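**Student:** This is the structure I have questions about; it appears just below.
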Amino acid sequence: MTTTTEQGLTDMSVAENIKKARENKGLKIEEAASICGIPLGTYRKYEAGSSLPTADPIRAMAKGFGVSTDEILMEPD
(Lines give C-alpha, C1' and ligand atoms only; values in the text may rest on other atoms or scores of the structure.)
Protein backbone atom coordinates (compact mmCIF):
# COMPACT_ATOMS: atom_id res chain seq x y z
CA MET A 1 0.00 0.00 0.00
CA THR A 2 1.30 3.46 -0.89
CA THR A 3 1.42 5.98 1.92
CA THR A 4 0.50 9.62 1.44
CA THR A 5 4.18 10.57 1.59
CA GLU A 6 5.15 7.97 -1.01
CA GLN A 7 2.25 9.07 -3.24
CA GLY A 8 3.35 12.69 -2.92
CA LEU A 9 6.86 11.76 -4.01
CA THR A 10 5.49 9.86 -6.99
CA ASP A 11 3.23 12.77 -7.96
CA MET A 12 6.17 15.15 -7.78
CA SER A 13 8.36 12.82 -9.85
CA VAL A 14 5.77 12.83 -12.62
CA ALA A 15 5.45 16.62 -12.38
CA GLU A 16 9.22 17.04 -12.48
CA ASN A 17 9.48 14.68 -15.46
CA ILE A 18 6.82 16.64 -17.35
CA LYS A 19 8.62 19.92 -16.64
CA LYS A 20 11.98 18.45 -17.65
CA ALA A 21 10.56 17.09 -20.93
CA ARG A 22 9.05 20.50 -21.71
CA GLU A 23 12.24 22.36 -20.88
CA ASN A 24 14.33 19.93 -22.95
CA LYS A 25 12.19 20.89 -25.95
CA GLY A 26 12.68 24.59 -25.15
CA LEU A 27 8.95 25.18 -24.78
CA LYS A 28 7.03 27.64 -22.65
CA ILE A 29 4.16 26.20 -20.62
CA GLU A 30 1.59 27.67 -23.02
CA GLU A 31 3.36 26.14 -26.02
CA ALA A 32 3.61 22.76 -24.36
CA ALA A 33 -0.08 22.68 -23.48
CA SER A 34 -0.98 23.60 -27.06
CA ILE A 35 1.35 21.03 -28.64
CA CYS A 36 0.02 18.31 -26.35
CA GLY A 37 -3.62 19.30 -26.84
CA ILE A 38 -4.17 19.78 -23.13
CA PRO A 39 -6.00 22.80 -21.68
CA LEU A 40 -3.48 25.25 -20.21
CA GLY A 41 -4.96 25.17 -16.70
CA THR A 42 -4.90 21.39 -16.66
CA TYR A 43 -1.34 21.28 -17.96
CA ARG A 44 -0.23 23.72 -15.26
CA LYS A 45 -1.72 21.41 -12.61
CA TYR A 46 0.17 18.44 -14.02
CA GLU A 47 3.48 20.30 -14.01
CA ALA A 48 2.85 21.71 -10.53
CA GLY A 49 2.08 18.24 -9.19
CA SER A 50 -1.36 19.24 -7.94
CA SER A 51 -3.05 16.81 -10.34
CA LEU A 52 -1.87 13.52 -11.82
CA PRO A 53 -2.51 12.98 -15.53
CA THR A 54 -4.39 9.90 -16.69
CA ALA A 55 -3.30 7.66 -19.57
CA ASP A 56 -4.53 9.84 -22.46
CA PRO A 57 -2.76 13.05 -21.38
CA ILE A 58 0.39 11.06 -20.60
CA ARG A 59 0.39 9.66 -24.14
CA ALA A 60 -0.30 13.13 -25.56
CA MET A 61 2.60 14.65 -23.62
CA ALA A 62 4.96 11.84 -24.59
CA LYS A 63 4.07 12.34 -28.25
CA GLY A 64 4.23 16.13 -28.03
CA PHE A 65 7.62 16.11 -26.30
CA GLY A 66 9.04 13.23 -28.33
CA VAL A 67 9.71 11.05 -25.28
CA SER A 68 8.46 7.70 -24.07
CA THR A 69 5.65 7.42 -21.56
CA ASP A 70 8.19 5.81 -19.23
CA GLU A 71 10.20 9.02 -19.22
CA ILE A 72 7.14 10.83 -17.90
CA LEU A 73 6.06 8.18 -15.40
CA MET A 74 9.25 6.70 -14.01
CA GLU A 75 11.45 8.10 -11.29
CA PRO A 76 14.91 9.12 -12.49
CA ASP A 77 17.66 6.58 -11.86
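The values are calculated or read from the model by the stated rules, or taken from the named source; none is laboratory data. The shown structure was predicted, so the numbers you read here are calculated from the model rather than taken from an experiment. In case anyone asks, the SASA skips ligands and DNA or RNA and just uses the protein heavy atoms, side chains included. Shrake-Rupley method; radii C 1.70, N 1.55, O 1.52, S 1.80 Å.
**Student:** Filter the stretch 14-53 for residues that are polar (S, T, N, Q) and farther than 15 Å from GLU71 by Cα and give the result. Don't jump to the end; show me each part of the working.
**Tutor:** Let us first name the residues in the stretch 14-53 that are polar (S, T, N, Q), namely 17, 24, 34, 42, 50-51.
Correct list: SER34, THR42, SER50, SER51.
Let's see how each residue does on (1) assigned to a loop (DSSP other than H, G, I, E, B); (2) open to solvent by less than 60 Å² (accessible area, probe 1.4 Å):
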position: LEU27; (1), (2): yes, yes
position: ILE35; (1), (2): no, no
position: THR42; (1), (2): no, yes
position: SER51; (1), (2): yes, yes
position: ILE58; (1), (2): no, yes
position: MET61; (1), (2): no, yes
position: VAL67; (1), (2): yes, yes
position: ASP70; (1), (2): no, no
